[in-house]
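Here is the structure we will look at.
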Amino acid sequence: MSGNITGTVLVSAAGTDGVSGVQVWDDTNHERARFGARGRDGRDSPFPTHGAPGGQLDVAMGFNPNRPGFVQMTGEGAMAGAQWEVAAEAEFLLSVRGGNGGAGGVGEAGQDGGHGHDGRDATKHRNGEVST
């Protein structure tokens with residue numbers, strides 16, 4: 001983790017992303033309800049989890065008069081011992097961004113409702129009558 005940097009380096013303690021609300025449903029809920037009955041609702045997907053918070057980065061900056069055009073970066077704390085010499089035109093990026101929350105899952109499809117009851121007196125009123 002040590003060395004001269006003339007391009008771009010990213011030192012990261014970013015949190016991990018959350019787990020998506022994924023559920024594999026069985027096929028027992030996709031049949032049709034019995035005659036005249038309301039179909040059973042589909043089940044919800046589980047909730048996704050939160051992303052993990054970012055960690056901590058401790059870095060000290062310094063200048064060495066014997067190395068003009070470079071910045072001395074030294075890790076501290078958990079990063080103790082890491083050292084970088086960063087050229088003036090280089091980028092040294094630090095990230096402690098928290099992780100993204102998990103994506104929402106897809107709920108289960110509901111059960112089809114049953115066929116409705118036949119209408120009453122359907123035969124008696126099958127022929128419309130027009131009055132003038």
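The values are calculated or read from the model by the stated rules, or taken from the named source; none is laboratory data. Quick caveat: nothing in here was measured; it's all calculated off a predicted structure. Cβ atoms come from the backbone with ideal geometry, glycine included; neighbour counts cover every protein chain shown.
Yes/no per residue for (1) at pLDDT 75 or above; (2) within 30 Å of residue 67 (Cβ to Cβ); (3) over 26 Å from the mean Cα position of the chain (by Cα); (4) not aromatic (Phe, Trp, Tyr):
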{"residue": "1", "(1), (2), (3), (4)": "no, yes, yes, yes"}
{"residue": "6", "(1), (2), (3), (4)": "no, yes, yes, yes"}
{"residue": "11", "(1), (2), (3), (4)": "yes, yes, no, yes"}
{"residue": "23", "(1), (2), (3), (4)": "no, no, no, yes"}
{"residue": "26", "(1), (2), (3), (4)": "no, no, no, yes"}
{"residue": "32", "(1), (2), (3), (4)": "no, no, yes, yes"}
{"residue": "36", "(1), (2), (3), (4)": "no, no, yes, yes"}
{"residue": "42", "(1), (2), (3), (4)": "yes, no, no, yes"}
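Run residue 113 past the list (1) surrounded by 10 or more Cβ atoms within 10 Å (Cβ to Cβ); (2) at pLDDT 85 or above and report the number of the one that doesn't hold.
Only one criterion is unmet by residue 113, namely (2).
Being surrounded by 14 or more Cβ atoms within 10 Å (Cβ to Cβ) and among the aliphatic types (A, V, I, L, M) is the filter; apply it to region 53-86 and report the residue that is farthest from residue 105 (Cα to Cα).
The selected residue is 71.
For region 72-86, enumerate the residues that are closer than 16 Å to residue 10 by Cβ and of a type in the set (A, V, I, L, M).
Matches in region 72-86: 73, 79, 82, 86.
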